[in-house]
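The values are calculated or read from the model by the stated rules, or taken from the named source; none is laboratory data. It should be emphasised that the depicted structure is a prediction, and the values quoted were computed from it without experimental measurement. Methodologically, a virtual Cβ is constructed for each residue, glycine included, from the backbone with ideal geometry; neighbour enumeration extends over all protein chains shown. Surface accessibility is based on the protein's heavy atoms, side chains included, excluding ligands, DNA and RNA. Shrake-Rupley method; radii C 1.70, N 1.55, O 1.52, S 1.80 Å.
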Amino acid sequence: MKSKNNILKKLANKAYEFGFVSKIKTEVIERGLNEDVIRLISGKKNEPEWMLEFRLQAYRYWLTLEMPSWAHLSIPPIDYQAISYYADPLKKNNEGKSKEIDPELMKTFEKLGIPLEERLALSGTAVDAVMDSVSVKTTFKEELKEKGIIFCSMGEAVQEHPDLVRKYLGTVVNYRDNFFAALNSAVFSDGSFVYIPKGVRCPRELSTYFRINAANTGQFERTLIIADDDSYVSYLEGCTAPMRDENQLHAAIVEIVVNNNAEVKYSTVQNWYPGDAEGKGGVYNFVTKRGDCRGTGSKLSWTQVETGSAITWKYPSCILRGDNSQGEFYSVALTNNFQQADTGTKMIHLGKNTKSTIISKGISAGQSQNSYRGLVRVSKNADGARNYSQCDSLLLGDKCGAHTFPYMDIHNKSAVIEHEATTSKISEDQLFYCNQRGIGTEEAIGLIVNGYAKEVINKLPMEFAIEAQKLLSVSLEGAVG
Amino acid sequence: MSQEYIDIFEQNRELVEKPCAALLNDARSKAYARFKAAGFPGIKEEDWLHSNVSKQFAANYGMNLGRVNVKADRQSIFTCDVPDLKTRQAFIINDTFSNGSNGKELPSGVVLASLNETASKNPALLASYYNALAANGDSIAQFNTMFAQDGLLLYIPKNTAVEETIQIITLLQANVEMLSNRRLLIILEENSSASLLVCDHSSMAKQTLSTQVTEIFIGRGANLHLYELEETSHSNTRLSHLFVRQQADSNFIHSNITLTGGFTRNRIEVTLEEGGAAADISGLVIGDKNQHTDNRTLVDHKSGNCTSNELYKYILDEQSTGVFAGKMLIRPDAQHTLSQQTNRNLCLTSDAHMYAQPQLEIYADDVKCSHGSTVGQLDENALFYMQQRGIPAAEARHLLMHAFAGEVIENIKIDALRDRLHMLVEKRLRGELNHCKGCALCK
Amino acid sequence: MENLLEIKNLHATIDGKEILKGINLTVKAGEVHAIMGPNGSGKSTLSNVLVGHPAYTVTEGEIFYKGKNLLELAPEERSHEGLFLSFQYPVEIPGVSITNFMRAAINAKRQYLGQEPMNATEFLKMMREKRALVNLESKLANRSVNEGFSGGEKKRNEIFQMAMLEPTLSILDETDSGLDIDALRIVAEGVNKLKREDTSSLVITHYQRLLDYIKPDIVHVLYNGKIVKTAGPELVMELEERGYDWIKALNN
């Protein structure tokens, strides 16, 4: 027992690897939020009138809302007037015309392991790198363009492909959806835009890398992915932020449209700064992610490995509208120290013969609270719906909490819905067995936790999977004795 | 809606309090303050998402606050014919206790009596129990305490075993729409034991609503089996709140069976206060027409080395709605907890709705906890297998449904009651009237 | 001898896929037919179609049983008419005891035949007698149908039910699969004891070993949804020695 506590302490002291701050000249607008700020953001991005209207409408609605309190989280009050809603790390020319990338900025992404020069790309992944409020660079754009694939920043999409953006933006996540969706719709800065045309199988993994750098800013990116009929794309998202004592707000929206027989795989490795061992600082990650499987036979798969953020509030969801459409949610959420996570998914079965699978693995250590919250709804006309959910929790230490809150709303007699959940800890026997074979306790925990999470990690593209495995071991070093 | 009842209370407070013991009135004051502050719960509250309870109070109910003596010839409206089940009977008519005639003498020291009467005559017996648990209940429990004037007390002194099953029958009698607030207080001292069957027959042709608060204290090493059976009507609203507190090494078995009803809400809170306590709670719902049955359970593991088992099953036909929300709460000190929860549901039509929320909230690491919940239909392969053996499809479905329900009934430890329930479920599933023959209500 | 079962040009599909592609087969009263064939040839489909499994669709052809159009009868009516399938994978039915299950089956059949339900004493006596036939322990009879049974117990339970229902035509679908040699003998002996002058069997199997115990009069080879060879019992040995490849070669 004694050695266990020592190791727990050691874990708490483990440094956050990506906690450095970059010295980049960044244009940050005044803190605070009002209609003028929204006009300013819209103006900086040279947006058309309809885009500004979209923002203002969302802002006015947001003013009528209160922050939700139903999650199993204790969220300190957030002063929305103390946040700056726009930070641009790109150096501008005199006229603000063509932007150059600051060499510091290139270095930052290199340090993060995300080379922005195409020749350095290791895995052949096309990257859209977003720092603070602005998309810094998108790689492999030209090559993708040949296939008709559009992969660019949201800001660029509004300029270059206004019809597509206007057609789809806000159709999956309406600005009225929730508090943070309304806020994001009002102030969103940048993010990625992906369009895969009919019948095209995207030859590269597409990826967005998010980095919060500037102090006292919030990141409000918005991603929109449209997979047209018979297309396929695998999309990856990674995130980090510097160590800062104050909390940073990240309130993103991801919208995905999946048409007939198309398939989208969306993978996230989320490693926002989780705060220090005393629970000071860290990112508040309040994200709305949703995909609409509109087409017959469409498929959307969410995979997430969540190790970061002080507070996570996130439910990547699938609306299974098309007949025979399928939704999947694979999640590993690891919390340590004073982290809190309330995460899960929603599977809304609307079409006939729709299928969904939910595999959630929670790992709690330190004094953290880790909750799975998921909804499976089968509407009246969704004949033949099937769902299988499995939610396991692993507790490492006796000061943390693991919670499971599934909701099942079933309105169709032909539905077959199964939910199972178990809670356990790493057994002394397992650890001893490893010890006897010469594996140290810390390493053994890493092994066992990785084994526990394997079902989910296997769903990630290979480079990401290796990254996720490392991340789990690092985040957990010494969690149990 | 809340204000209407607050007004009624304020205008009639003297009338309400006059016949009651100080113990009841003291609790009443606190409950009144709480209800006034909170009012009826709204459907936006997590605990009431699928049950609009405030609406249930809208009818123009009569409340017998002046305690006008209702002439009740209970034998003419109720005779229970559980064959071979010898019980000691007691009645609660509206909210008033009334002793039954049959059955053996109770062991010495056992009190089965009117709550209000005992609270007046012997307040020391109840003082530390009455409203001790319900004080922290939701606002429906506060509503009940605010208006409660009588009910039943069962007190079993230590080392006393009551062999004969005690059957408590709740009935409503009036010729107007009626709202009644019942109260049950059950105290089992150290190493005592009892089995209790509570049959809710509160049904009349008119719209009725009853709130019921049951507080149960199970002392160290004591053992209680509680079987609750609802056979009311589609025009009845039942709002029940059961609180159980278990001390070390005590045992509690609960079967909560809803065969017929209108709007039913059963809130069940079992607190495992001390080590070695075990709770086995189960429920069965058979719903049809517009029946709405909401069971919300909480098993609160406050101490280590306790065990809880939960099994709830629903069969929903026609436009009925089922809500199941079961929470297992394992507090930081509750190491070595074993806790398991199972919820299985059958929807027979697409107009039937099931909302299931099995929940685990765990703050201790050395525990074994799991839950499982399913919604589905009868096994098609089993159906075909039975047809191949010559059993007609309808009969095969029936057998499978009965088998599905049977798992809950098998938990009942009294043979005669178990057989009787198999029979009632059988009749219920066949759509036959499920009330006992000889019962005037069914004729 | 009279024709008990007559299958004419039977075509059947599952999930839109054609499995049976024109089966012709006649079984006379008293005969034992073996249907052999490689995996995936349609053996189980044939037995399921005969007893009316809802997952299969008959697209063409006719089946006459005791002169009646079998395809017009519900599965339970086929059962009442004396058609019994010993399933390859008997399903588990939790919560339904074998006793209740058999009582429901027997009484449904008696009602169909216009007879009174069997009284309890008579029924229990019959249960006891038939159980002895396949060494089915009495404690199993109180358990739920097939729940937690071993492979051998499940098959013995099938033959026990066959004894209870006294079928005219019994179909044994891979009854030998999953049985060790002792269990196989018990099951086969049970089947042989139940054989009467006027009852017939269709024994569906991949291997010869069950046919060492249950001697067929006629042997058919089913391949790719058709009966490609019919001969006497000597065909069993030939198949055992040469396997199915030569049959496949002949028909591809």
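Side notes on the structure shown:
- Taking the criterion of being in a loop (DSSP other than H, G, I, E, B) and open to solvent by 30 Å² or more (accessible area, probe 1.4 Å), the residues of the range B:358-380 that qualify are B:Y363, B:D366, B:Q377, B:D379.
- Residue check, A:T296 surrounded by fewer than 24 Cβ atoms within 10 Å (Cβ to Cβ), touching a strand residue (DSSP E or B) at 6+ places or on another chain (Cβ under 7 Å) and at pLDDT 95 or above: no
- For B:L338, the conditions (1) of a type outside the set (G, A, S); (2) surrounded by fewer than 21 Cβ atoms within 10 Å (Cβ to Cβ); (3) at the interface with chain A (Cβ under 7 Å from one of its Cβ atoms) all hold with the exception of (3).
- Per-region count, the range A:424-441, residues among the small types (G, A, S) and in a strand (DSSP E or B): 1
- Residue that is farthest from the chain's Cα centre (by Cα), among those in the range A:314-352 that are open to solvent by 10 Å² or more (accessible area, probe 1.4 Å) and within 14 Å of A:G291 (Cα to Cα): A:L350
- Test: B:I412 is farther than 20 Å from C:E92 by Cβ, touching a helix residue (DSSP H, G or I) at 6+ places or on another chain (Cβ under 8 Å) and away from chain C (no Cβ under 11 Å): yes
- Screening the range B:305-357 for strands (runs of 3 or more DSSP E) wholly inside it with 1 or more residues that are of a type outside the set (A, V, I, L, M, F, W, C), touching a Pro at 6+ places or on another chain (Cβ under 8 Å) and farther than 22 Å from A:S364 by Cα returns the ranges B:321-330, B:338-347.
- The one condition in (1) surrounded by 17 or more Cβ atoms within 10 Å (Cβ to Cβ); (2) assigned to a strand (DSSP E or B); (3) more than 7 Å from chain B (Cβ to nearest Cβ) that A:A444 fails to fulfil: (2)
- Residues of the range A:397-425 classified as surrounded by 21 or more Cβ atoms within 10 Å (Cβ to Cβ) and either more than 7 Å from chain B (Cβ to nearest Cβ) or basic (K, R) (or both), total: 2
- The criterion of being facing chain C (nearest Cβ under 8 Å) and assigned to a loop (DSSP other than H, G, I, E, B) holds for B:G390.
- C:P75 vs. criteria closer than 21 Å to C:V145 by Cα and either more than 8 Å from chain B (Cβ to nearest Cβ) or surrounded by 19 or more Cβ atoms within 10 Å (Cβ to Cβ) (or both): yes
- Scope the range C:12-37; condition open to solvent by less than 30 Å² (accessible area, probe 1.4 Å) and more than 18 Å from the chain's Cα centre (by Cα); matching residues: C:A12, C:T13, C:G22
- Any hit, the range A:42-56, residues being of a type outside the set (D, E, K, R), over 21 Å from A:S153 (Cβ atoms) and at pLDDT 90 or above: yes
Yes/no matrix, rows are residues, columns are (1) of a type in the set (G, A, S); (2) at pLDDT below 95:
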{"residue": "B:S255", "(1), (2)": "yes, no"}
{"residue": "B:T260", "(1), (2)": "no, yes"}
{"residue": "B:E269", "(1), (2)": "no, no"}
{"residue": "B:E273", "(1), (2)": "no, no"}
{"residue": "B:A279", "(1), (2)": "yes, no"}
{"residue": "B:D294", "(1), (2)": "no, no"}
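- Pair list, Cβ under 7 Å, 6 or more apart: the range C:138-157 residue within 13 Å of another protein chain (Cβ to nearest Cβ), other residue among the aromatic types (F, W, Y) and surrounded by 20 or more Cβ atoms within 10 Å (Cβ to Cβ): C:V145/C:F101
- Residues considered: B:L229, B:L242. Of these, the only one that is closer than 14 Å to B:T264 by Cα, among the hydrophobic types (A, V, I, L, M, F, W, C) and in contact (Cβ under 8 Å) with a residue 40 or more places away in the chain is B:L229.
- From B:I330, B:I281, B:I315, residue being in contact (Cβ under 8 Å) with a residue 60 or more places away in the chain and either among the small types (G, A, S) or open to solvent by less than 30 Å² (accessible area, probe 1.4 Å) (or both): B:I315
- Answer from C:T59, C:T45 - the residue that is open to solvent by 50 Å² or more (accessible area, probe 1.4 Å) and of a type outside the set (A, V, I, L, M, F, W, C): C:T59
- Here the range B:342-357 is the region considered, the condition is being of a type in the set (S, T, N, Q) and at the interface with another protein chain (Cβ under 9 Å from one of its Cβ atoms), and the residue that is surrounded by the fewest Cβ atoms within 10 Å (Cβ to Cβ) is B:T349.
- Qualifying residue in the range A:97-115 (condition: open to solvent by less than 10 Å² (accessible area, probe 1.4 Å), β-branched (V, I, T) and modelled with pLDDT under 75): yes
- Any pair with Cβ under 6 angstrom, 6 or more apart, that starts in the range C:171-184 at a residue that is farther than 11 Å from C:S44 by Cα and ends at one that is of a type in the set (A, V, I, L, M, F, W, C) and open to solvent by less than 10 Å² (accessible area, probe 1.4 Å): C:D176/C:L184; C:D176/C:L210
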